[in-house]
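Novice: Sharing a structure, written as structure tokens. Questions coming.
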Amino acid sequence: MSTLTVDGLTVAFGGIKALDEVSFHVEPGEVFAIIGPNGAGKSTIFNAISRIYTARAGSIRFHGREILELPPHEVVRLGIARTFQNIELFEKATVLQNLLVGRHSRVRRSAWREFLFLPGVRRGERAARRKVEEILDLLDMQHLRDALVCDLPYGARKNVELARALCAEPELLLLDEPASGLNPEETADMSFWLKDIKEELGVTIVMVEHDMNLVGRIANRVMALAGGRVLSVGSVEEVQSNERVQTAYLGAAA
Ligand SMILES: Nc1ncnc2c1ncn2[C@@H]1O[C@H](COP(=O)(O)OP(=O)(O)OP(=O)(O)O)[C@@H](O)[C@H]1O
């Protein structure tokens, strides 16, 4: 069964359709990239999956389960985590504190159990710490653990956001422009982290990305969108050589 199945997804703002009957599927363990000119509807797909935007029609199934019926926090608990185009972190908190928040977003909590600090709560705290340490090691971030996020350069903050999403132990990770604002060296590092996340943690990745270098390095399949519609789905080469895709990009550049 596919990890994610999007079928006939339509999202509209007033009379304007940001997504118009978009359908695609993402298979377990793949990196699926979504590309397209500005305003194509890429982030709207993520916002519909995260239940920030309401779909006018269609369905989004995660392992066959309809998620359009769920509130946003339930989507995270199912195992879907995301990063944002504009980094969203607690700026005045340390890296470690931000990662622990990411971890807690996944866990179902009971105020009474926590107040009484029952054994299950203690076990949960230990597991949270272990997971956070594992992610700090994986992304080579141990030296940043006590740094305040507001003191970090942009590239490091992007890594913290990625790490925070991973602390929720997602099965599916939605990355909104992981390479935007990064220099070529940082982009190369990002492609290595993403490969590790896929191969070592077995996380399935859907990423919106403009940097075709990064897409070419790590994506198994690519979907091109324009004007809220799917133009092409296939390998990087297939999509790049598709005439409709080329016309859409030329039109956007004109
Ligand atoms: N909250 C909103 N209210 C009104 N219109 C919106 C809203 N969010 C998105 N849109 C519109 O939906 C369309 C798709 O926007 P979206 O942000 O998904 O595009 P995108 O492909 O992610 O673009 P970019 O590459 O510039 O981030 C655009 O026309 C945008 O103006």
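The values are calculated or read from the model by the stated rules, or taken from the named source; none is laboratory data. Quick caveat: nothing in here was measured; it's all calculated off a predicted structure. Every residue, glycine among them, receives a Cβ derived from its backbone with ideal geometry; neighbour counts consider all protein chains shown. The accessibility values were calculated without ligands, DNA or RNA, using every heavy atom of the protein model including side chains. Shrake-Rupley method; radii C 1.70, N 1.55, O 1.52, S 1.80 Å.
Novice: When you check P28 against the structure, is it of a type outside the set (K, R), open to solvent by 50 Å² or more (accessible area, probe 1.4 Å) and at pLDDT 95 or above, yes or no?
Specialist: So P28 fits the description; yes.
Novice: Identify, from the list A188, A165, the residue that is more than 16 Å from the ligand (Cβ to nearest atom) and in contact (Cβ under 8 Å) with a residue 60 or more places away in the chain.
Specialist: That would be A165, the only listed residue that is more than 16 Å from the ligand (Cβ to nearest atom) and in contact (Cβ under 8 Å) with a residue 60 or more places away in the chain.
Novice: All but one of (1) among the hydroxyl-bearing types (S, T, Y); (2) modelled with pLDDT of 80 or more; (3) not assigned by TED's automatic domain parsing to the domain that holds L182 hold for S105, so report the exception by its number.
Specialist: (2)
Novice: Go through (1) more than 16 Å from the ligand (Cβ to nearest atom); (2) open to solvent by less than 20 Å² (accessible area, probe 1.4 Å); (3) farther than 30 Å from P153 by Cβ; (4) assigned to a strand (DSSP E or B) for T5 and report which single condition fails.
Specialist: So the condition that T5 fails would be (2).
Novice: Considering every residue within region 70-86, establish whether at least one is assigned to a loop (DSSP other than H, G, I, E, B), modelled with pLDDT of 90 or more, open to solvent by 60 Å² or more (accessible area, probe 1.4 Å) and over 14 Å from D7 (Cβ atoms).
Specialist: no
Novice: So in region 12-22, with the set limited to residues that are exposed (fewer than 14 other Cβ atoms within 10 Å of the Cβ) and assigned to a strand (DSSP E or B), which one is nearest to the ligand (Cβ to nearest atom)? Break it down into steps so the answer makes sense when it comes.
Specialist: Pass one, region 12-22, residues exposed (fewer than 14 other Cβ atoms within 10 Å of the Cβ): 13-16.
Next cut, assigned to a strand (DSSP E or B) only: 13, 16.
Working: F13: 4, I16: 6 Å.
Among those that are exposed (fewer than 14 other Cβ atoms within 10 Å of the Cβ) and assigned to a strand (DSSP E or B), it is F13.
Novice: Collect the residues in region 31-57 that are more than 15 Å from the chain's Cα centre (by Cα), open to solvent by less than 30 Å² (accessible area, probe 1.4 Å) and either away from the ligand (no atom under 12 Å from the Cβ) or farther than 16 Å from F13 by Cα (or both), keeping them in residue-number order.
Specialist: G36, P37, A55
Novice: Here's a follow-up. List pairs: first in region 7-26 and farther than 23 Å from L172 by Cα, second open to solvent by 60 Å² or more (accessible area, probe 1.4 Å) and assigned to a strand (DSSP E or B), Cβ under 9 Å, 6+ apart or cross-chain?
Specialist: K17/R229; D20/R229
Novice: Within region 184-205, identify whether any single residue is in contact with a Ser or Thr (Cβ under 9 Å, 6 or more places away or on another chain) and under 22 Å from G79 (Cβ atoms), and answer yes or no.
Specialist: Keep residues of region 184-205 that are in contact with a Ser or Thr (Cβ under 9 Å, 6 or more places away or on another chain), which gives 198, 204.
Checking which are under 22 Å from G79 (Cβ atoms) leaves us with 198, 204.
Yes - at least one qualifying residue is present in region 184-205.
Novice: Wholly within region 185-254, which strands (runs of 3 or more DSSP E) include no fewer than the required count, namely at least 2 residues that are farther than 13 Å from K42 by Cβ and open to solvent by 10 Å² or more (accessible area, probe 1.4 Å)? First the steps, then the outcome.
Specialist: Numbers: elements: 204-208, 221-226, 229-234.
Those strands (runs of 3 or more DSSP E) span 229-234.
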